[in-house]
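Here the structure comes first, spelled out in structure tokens, and everything after it is commentary.
The values are calculated or read from the model by the stated rules, or taken from the named source; none is laboratory data. Note that the structure is a prediction, hence the values are computed from the model and not measured. Methodologically, a virtual Cβ is constructed for each residue, glycine included, from the backbone with ideal geometry; neighbour enumeration extends over all protein chains shown. Accessible surface is based on the protein model in full, side chains and every heavy atom, while ligands, DNA and RNA are left aside. Shrake-Rupley method; radii C 1.70, N 1.55, O 1.52, S 1.80 Å.
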Amino acid sequence: MTGHEHANPRLAAALRYAQADWPVFPCRPGEKAPATRHGFLDATTDPDKITWWWSRTPDRNVAIATGAPGPDVLDVDVHKKGNGFAAFNRLHRAGLLDGANAYIRTPSGGLHAYFAGSEQGNGRLPRQHLDFRSTGGYVVAPPSAVDGRHYEMINRAGGQGGLDWAAVTRLLERELQQPSPRSGERPADAHRLAEWVARQQEGNRNDSLFWAANRALDAGLADLGELAEAARLTGLDEREIARTLTSARRHADRPSGAEPLARRTPEPASQQREAEA
């Protein structure tokens, strides 16, 4: 760090954000509450205004106004009642986080994932412990601190893409409606999952196949052939089936060579039981 950055690190950070065309404004020292009258509406990239703010009160926290031209931010919350990391991992497996630019650890132990800014507006999935900050929102950023704990950069991912909040909502809210195993049953059973996939209607077939494949892979079931056959019964074509199952394997870090892509005739249940015996 330069002498200037050592002397006033929050001013230096605010100026760096402004150079990236991210509007900033100050929050009260040690808090998330804005220190200006109009909050994020006062955010600016003007270096003179920024310097005036943090020269007067160097320990003010740094906040970034989200939404273009600033970033969009996915907030993974950590509360006493739960945290959003399970949902975050599902989004990662689905490829929805591939465009992330940076990951920031928050004072609560949560996570901020930064994406290219958009005009989507803010969103919230309380049951998943996720918040989305875009147009009309803001986040507190490094090197700010709350309750003596700092916001810290933990990974500069380098992505330049955005986050489709509507796709996030569709995926996670649909999963809340998916069938769960009855008491005493295995966490995932390929035959039961295949029966469920075969009942899906047009418009829900691809997402349902992806969900079922991830359930099977998470349970250690490497052969997805029965799911592929069930998807064919719904009318999905071979290319869509192959692409969906390959995506599921990739995001579960499974080998893709074992996937049977060619159409096959299911074995009668009696033969399957004999083979299992």
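Checking residue 83 against (1) in contact (Cβ under 8 Å) with a residue 60 or more places away in the chain; (2) surrounded by 16 or more Cβ atoms within 10 Å (Cβ to Cβ), only one condition comes out false. Which one?
Among (1) in contact (Cβ under 8 Å) with a residue 60 or more places away in the chain; (2) surrounded by 16 or more Cβ atoms within 10 Å (Cβ to Cβ), the lone unmet condition for residue 83 is (1).
Hey, among the residues in the range 218-277 that are among the β-branched types (Val, Ile, Thr) and modelled with pLDDT of 50 or more, which one's farthest from residue 96 (Cα to Cα)?
Selected residue: 234.
Please specify each residue of the range 24-38 satisfying the condition of being under 22 Å from residue 118 (Cα atoms) and open to solvent by 20 Å² or more (accessible area, probe 1.4 Å).
The one that is under 22 Å from residue 118 (Cα atoms) and open to solvent by 20 Å² or more (accessible area, probe 1.4 Å): 38.
Counting only residues that are open to solvent by less than 40 Å² (accessible area, probe 1.4 Å) and either of a type in the set (Asp, Glu) or in contact (Cβ under 8 Å) with a residue 60 or more places away in the chain (or both), which one in the range 98-107 is farthest from residue 208 (Cα to Cα)?
The qualifying residue farthest from residue 208 (Cα to Cα) is 100.
Do we find a residue being under 20 Å from residue 14 (Cα atoms), open to solvent by less than 10 Å² (accessible area, probe 1.4 Å) and touching a Gly at 6+ places or on another chain (Cβ under 9 Å) anywhere in the range 90-97?
Within the range 90-97 (the criterion being under 20 Å from residue 14 (Cα atoms), open to solvent by less than 10 Å² (accessible area, probe 1.4 Å) and touching a Gly at 6+ places or on another chain (Cβ under 9 Å)), the answer is no, since none of the residues qualifies.
Does the range 118-153 hold any residues that are free of Cβ contacts under 8 Å to residues at least 60 places away in the same chain and within 22 Å of residue 21 (Cα to Cα), and which are they?
118, 119, 120, 121, 122, 151, 152, 153
Going by the conditions given, is residue 110 farther than 15 Å from residue 70 by Cα, within 13 Å of the chain's Cα centre (by Cα), without any contact (Cβ under 8 Å) to a residue 40 or more places away in the chain and open to solvent by less than 30 Å² (accessible area, probe 1.4 Å)?
yes
Looking at the range 41-59, which of its residues are within 22 Å of residue 162 (Cα to Cα) and open to solvent by 70 Å² or more (accessible area, probe 1.4 Å)?
none
Quick check on the range 171-190. Is at least one of its residues modelled with pLDDT under 85, farther than 24 Å from residue 82 by Cβ and surrounded by 17 or more Cβ atoms within 10 Å (Cβ to Cβ)?
Yes - at least one qualifying residue is present in the range 171-190.
Kindly provide the set of residues from the range 115-147 that are within 22 Å of residue 14 (Cβ to Cβ), open to solvent by 10 Å² or more (accessible area, probe 1.4 Å) and within 14 Å of the chain's Cα centre (by Cα), ordered by number.
Residues satisfying the conditions are 116, 133.
Kindly indicate which of 62, 73, 78 is open to solvent by less than 10 Å² (accessible area, probe 1.4 Å) and either within 28 Å of residue 249 (Cα to Cα) or free of Cβ contacts under 8 Å to residues at least 60 places away in the same chain (or both).
The unique qualifying residue is 73.
At least 1 residues that are in contact with an Asp or Glu (Cβ under 8 Å, 6 or more places away or on another chain) in each: list the helices (runs of 4 or more DSSP H) lying fully within the range 1-102 that qualify.
Passing ranges, in order: 9-19, 85-93.
Could you run through the range 201-229 and say how many residues are part of a helix (DSSP H, G or I) and of a type in the set (A, V, I, L, M, F, W, C)?
Number of matching residues: 9.
Which numbered condition in (1) touching a residue at least 24 places away in the same chain (Cβ under 8 Å); (2) within 14 Å of the chain's Cα centre (by Cα) is the only one that residue 89 fails?
Only one criterion is unmet by residue 89, namely (1).
Taking the options 97, 130, 163, name whichever one is modelled with pLDDT of 90 or more, farther than 25 Å from residue 31 by Cβ, out of contact with any strand residue (DSSP E or B) (no Cβ under 6 Å at 6 or more places or on another chain) and hydrophobic (A, V, I, L, M, F, W, C).
Just one listed residue meets the conditions, 97.
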